[in-house]
1. Per residue, how big is the convex hull of region 7-87 when only Cα atoms are used? Give it in Å³.
2. What net charge is computed for the residues neighbouring Val56, neighbours being all others with C-beta under 10 Å from the C-beta of Val56, Lys and Arg scored +1, Asp and Glu -1?
3. Given 10 °C and 1.306 mPa s, how large is the Stokes-Einstein diffusion coefficient of the chain in µm²/s, with Rh as the Kirkwood radius over Cα pairs?
Amino acid sequence: MDLDFSTAEDAFRAEARAWLTAHVPGTPLPSLETEEGFAAHRDWERELFADRWSVVSWPEEYGGRSASVLQWLIFEEEYYAAGAPGRVSQNGINLLAPTLFEHGTDEQRARVLPSMASGEVIWAQAWSEPESGSDLASLRSTAERTEGGWLLNGQKTWSSRAAFADRAFG
């Protein structure tokens, strides 16, 4: 088994490192749990997206680079090493997007994924309920289709990023 990086992987690492060196803010952004910090982190998401670093493993049509799993891991390693800001869009990118890639329609992916990757639309995680925590099997909230949308019934105890997010899933 060859565990050495290929020339292409080394080049990808160099490109990612150079971009991060040139773009990571010199001082930490304000907390993303504040209005000012949330806005600053959303701007960071837009900057990542502008050069297709926001979602490197996604297909190019959704703003990614169609990077391999190993390239994605290389980017994540470089991102952490650079001290880059936390990702305000992580709920959508890491939780909702994989579901859309696996089970969504082409229309849903085209409508949701690019705005998620760019930071234009930030998704909150909203599935915790009293006496449920993150145990999805015990959720009692319901959604009933109505004319013009959905009527949601239930109670949530917390929602990650919900104070300033544009949408929620749960």
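Every read-out reported here was derived from the displayed coordinates using simple, explicitly stated rules and does not represent laboratory data. Bear in mind that the values here come from a model prediction, so they are computed numbers and not experimental data. Positions of Cβ are generated from backbone atoms using ideal geometry, with glycine treated the same way; all protein chains shown enter the neighbour counts.
1. Enclosed volume per residue, from the Cα hull, is 86 Å³.
2. Computed value for this residue: +1.
3. It comes out at roughly 90 µm²/s.
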